1. Below 8 Å between Cα atoms, with a sequence gap of 6+, how large is the relative contact order for the chain in percent?
2. Check Gln218: other-chain or 5+ apart residues with amide H under 5 Å from its amide H, H built from backbone geometry?
3. Cross-link partners among lysines for Lys29, C-alpha distance below 27 Å, same-chain residues fewer than 8 apart left out?
4. Computed FRET efficiency, Cβ-Cβ of Ala147 and Gln233, R0 25 Å: what is it to the nearest 0.05?
5. Multiply the residue separation of Thr270 and Ala284 by 0.36 nm, subtract the distance between their alpha-carbon atoms, and state the gained length in nm to one decimal.
6. At 1.4 Å probe size, with no ligands or nucleic acids counted, give the accessible surface of Ser191 in Å², nearest ten.
7. For the chain, set up a Gaussian network in which alpha carbons nearer than 10 Å are linked by springs, and say which option among Asn183, Asn230, Asn108 fluctuates the most.
8. What is the spin-label model distance, in nm, from Ser348 to Lys324 if the labels are put 7 Å beyond Cα along the C-beta direction?
Amino acid sequence: MNQSLERLSSGFRVNNASDDAAGFAIASKLDAQTQRLKAASMNATQAQAMVKMAEAGINEIQNMVTRIQTLATQGASANNSQELGKLDAERAKLEGAIDKISASTNYNGVSLLNGSAGATASVGAGATGVSATVTVQGAPATGASHAYTLENVTTGASNAFILKDTVAGTQQAVTVATPAVGNTTTVSFGSMGLSIDFDANIATFTAQAVTVTAGAAQDFQVGADNNVNNVVQVSLDKDYSASGLGLSGSALGAMDTVAEAKAYIDTAKTALNTLISNRADLGATQNQLGFINANLATSIEQATASVSSIKDADMAAEMAQFTKNQILVQAGTSMLAQANQAAQNVLSLFR
């Protein structure tokens, strides 16, 4: 009766390992696998949202590159030679907007369109005053790496630093308070796209090189096991800024002459082909993640059903067994009471 009550109250046939040792072991493994599959399904959903956000940003950039191509085509014609200044002004505005979209599109702090996704950063070896953590918050990584220089320019009680981009020639200065011994303080060089942790030895820091290494394709865990078949790689390390697409920062210059306008036609065409190719790849990745998520949902359902077939109690059978045992107990108690009464009847003969 106690066993039946436990099964009826919990709904499980296997509540302890002693109830069914083999069944308990199999069900426990399947339970753990189900939880991993659920986490993988969440990863796949979030990866799909991440890729969709990147693709949406590229779509807007593509629209602007198409407009630049239109402006270049207009500027290459003699009938518009007097309007090149106006056409070039719009071209400059569009390239500025492209840079803003590439720099600001991010998912949970991960930049998606400026080439910094998956990038890593490090300060020169043996640098005192800096902890091991240097976080990339959007710093570009051109080619194999991007070089910076961090200098201590402290003149008073506070700690002043300048982070210089040795490639672009830009810099940012910040003032840092000295943290307590054993603690660190995180300083964000926002305009440079880097975050650096300083420790209590900050005052002894000397000039060091900071190197940002370009990221590779991002890995998304979309399965329950640790192998290549449970990972999807997504390329989010492309630079979609105007310079990254070859629209600025090159020998093109402004679109002030017919010759420059003609050069922009070819450049914009190349950029457009790059955007279309990358968007197609991201679109295929979205579909891939969608199919993977559908398969994960089926796997979760089947794993849950398997656990249920092992652990769940047959409520009808358990209720019948409980009722049977209850009747037997009641009947046994009644018979025992009658047997005890018979003894009393025998004793009454001696009165």
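1. On the way: 565 pairs, mean separation 94.5, N = 351.
So the answer I get is 27 percent.
2. Val234, Ser235, Leu236
3. Straight-line reach from Lys29, under 27 Å: Lys38, Lys311.
4. 0.35
5. Working: separation 14, 0.36 × 14 = 5.04 nm, distance 2.14 nm.
2.9 nm is the gain from fully extending Thr270 to Ala284.
6. Counting only protein heavy atoms, Ser191 exposes about 90 Å² to solvent.
7. Answer for the Gaussian network model of the chain: Asn108.
8. Between Ser348 and Lys324, the label points sit 3.8 nm apart.
The values are calculated or read from the model by the stated rules, or taken from the named source; none is laboratory data. What you see is a predicted model, and the numbers here were worked out from it, not measured in a lab. Using ideal geometry, Cβ is built from the backbone for each residue, glycine included, and neighbour counts are taken over all protein chains shown. Ligands, DNA and RNA are stripped out before the accessible areas are found, and what is left, the full protein with its side chains, is counted by its heavy atoms. Shrake-Rupley method; radii C 1.70, N 1.55, O 1.52, S 1.80 Å.
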